[in-house]
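The values are calculated or read from the model by the stated rules, or taken from the named source; none is laboratory data. The model shown is predicted, which means the values in this text are computed figures rather than measured ones. Cβ sites come from the backbone with ideal geometry, for glycine too, and all protein chains shown count toward neighbours. Surface accessibility is based on the protein's heavy atoms, side chains included, excluding ligands, DNA and RNA. Shrake-Rupley method; radii C 1.70, N 1.55, O 1.52, S 1.80 Å.
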Amino acid sequence: MVLDKAQKPLQLCDVPKPKPGRGQLLVSVKACAVCRTDLHVVDGELPNPKLPLIPGHQIVGGVEQIGEEVNSKFQIGDRVGIPWLGWTDSECAYCRSHRENLCDRARFTGYTIDGGYAEFTVADARFCFHLPDRYNDIEVAPLLCAGLIGYRSYRKTGNARRLGIYGFGNAAHLIAQIALYEGRDLFVFTRPGDIATQQSAQKLGAVWSGGSDEMPPEKLDAAIIFASVGPLVPMALRSLAKGGVVVCGGIHMSDIPSFPYVDLWGERVITSVANLTRRDGEEFFDLAPRVPVQTKTETFPLDQANVALERFRAGELSGTAVLLISNAGHPERSEVTQPRSQHNAN
Ligand SMILES: [Zn+2]
Ligand SMILES: [Zn+2]
């Protein structure tokens, strides 16, 4: 499924099977989860995508061929996960200071290099992950971005005991499970009036849930904003205790309105999270099966990618959309993996 031009539907077309270059794996794609970033790319909200482009950066597949000079981390037939961070130069000041997520020359899967809305893709083996056996291909796909970048956002909140989450979508649902596992008090903010989501957050174990226009019953030590809505930033800032941090977890956000300095005073911090490092991935894939983080998914065949994107945009999905490609070994569509356990439900 190819994006020829922003703001146009993806086109189903035949393209040559990619060949693995030096250091690359040829991967037969089994499943590719749809991320909000895919919508931002398709909608032209992110600058300078590769065009034409095969989107998709939460890719699960099998190694079919190994290019020259790949070390022994993967073998033919291995299951592999391919994330958003596709390549870095390993030599800029950021890469040399353990901040490869900020690499000046980084390339991104499904944005500046072709991704996983396809039967095959190639990926730099150094940036691919082994995936926990506990999950099948569908279950694990949403962990590759919503999980990883959500996890990086969560780590930026330090040891915050009272943690707010604005926007309870895919990433929030995954990170909330880790926060509860680690004993945080969770406060969930949804669109005003979205009672169903507020109730599901409380069922998961949130101590409080309400509209984003409400103040929590106590001040928060940190808040993560997963919604791409700039006006939430000053609102989240006002809900913080002294020394608290607001973490903006998305790649794109509408403009942030001005606010009085007194809301930032008291060593409050506003920060963002950009991309991921390989270390984030390794930590997360070690932790996720121990929680265990459960994903909710809704599957679509690859050629229905436009339908999946449209339903995501309209807020009509009941879980993360996962595109199934050819021989994934699972039923055709609409399988929903429900959480198998819940924490502190009451
Ligand atoms: Zn670099
Ligand atoms: Zn993503």
Of Leu25, Leu12, Leu39, the only residue that is closer than 12 Å to Gly110 by Cα and either aliphatic (A, V, I, L, M) or more than 23 Å from the chain's Cα centre (by Cα) (or both) is Leu39
Scanning the range 248-298 for residues that are of a type in the set (S, T, N, Q) and out of contact with any His (no Cβ under 9 Å at 6 or more places or on another chain) gives Ser254, Ser258, Thr271, Ser272, Asn275, Thr297
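How many residues, within the range 183-208, are assigned to a loop (DSSP other than H, G, I, E, B) and either within 14 Å of Ala223 (Cα to Cα) or hydrophobic (A, V, I, L, M, F, W, C) (or both)?
Counting residues in the range 183-208 that are assigned to a loop (DSSP other than H, G, I, E, B) and either within 14 Å of Ala223 (Cα to Cα) or hydrophobic (A, V, I, L, M, F, W, C) (or both) gives 3.
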By residue number, the members of the range 312-322 that are assigned to a helix (DSSP H, G or I) and either open to solvent by 60 Å² or more (accessible area, probe 1.4 Å) or over 19 Å from Lys8 (Cα atoms) (or both) are Arg313
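Is one or more of the residues making up the range 73-95 away from ligand 1 (no atom under 16 Å from the Cβ), open to solvent by less than 20 Å² (accessible area, probe 1.4 Å), in contact with an Asp or Glu (Cβ under 6 Å, 6 or more places away or on another chain) and more than 22 Å from Gly147 (Cα to Cα)?
Checked the range 73-95: no residue is away from ligand 1 (no atom under 16 Å from the Cβ), open to solvent by less than 20 Å² (accessible area, probe 1.4 Å), in contact with an Asp or Glu (Cβ under 6 Å, 6 or more places away or on another chain) and more than 22 Å from Gly147 (Cα to Cα).
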Subset of the range 113-169, residues open to solvent by less than 10 Å² (accessible area, probe 1.4 Å) and within 16 Å of ligand 1 (Cβ to nearest atom), comes to Phe127
Glu283 fails exactly one of (1) open to solvent by 30 Å² or more (accessible area, probe 1.4 Å); (2) at pLDDT below 95, namely (2)
- [ ] Considering every residue within the range 198-207, establish whether at least one is without any contact (Cβ under 8 Å) to a residue 24 or more places away in the chain, of a type in the set (Gly, Ala, Ser) and on the phi > 0 side of the Ramachandran plot.
- [x] no
Query raised in the report: Is one or more of the residues making up the range 61-69 closer than 22 Å to Thr320 by Cα, more than 16 Å from ligand 2 (Cβ to nearest atom) and at pLDDT 95 or above?
Result: yes
Inside the range 3-41, the number of residues satisfying the requirement of being open to solvent by less than 50 Å² (accessible area, probe 1.4 Å) and among the acidic types (Asp, Glu) is 1
Output for Cβ contacts, cut-off 6 Å, separation at least six or different chains, first residue farther than 22 Å from Ile76 by Cα and open to solvent by 10 Å² or more (accessible area, probe 1.4 Å) in the range 48-64, second within 15 Å of ligand 2 (Cβ to nearest atom) and of a type in the set (Phe, Trp, Tyr), reads Pro49/Tyr111; Ile54/Tyr117
Among (1) over 25 Å from Asp213 (Cβ atoms); (2) surrounded by 24 or more Cβ atoms within 10 Å (Cβ to Cβ), Ala172 falls short only on (1)
Sole miss for Arg107 among (1) over 30 Å from Val2 (Cβ atoms); (2) open to solvent by 20 Å² or more (accessible area, probe 1.4 Å); (3) within 16 Å of ligand 2 (Cβ to nearest atom) is condition (1)
Going through (1) within 16 Å of ligand 2 (Cβ to nearest atom); (2) assigned to a loop (DSSP other than H, G, I, E, B) one by one, Ser90 fails only at (1)
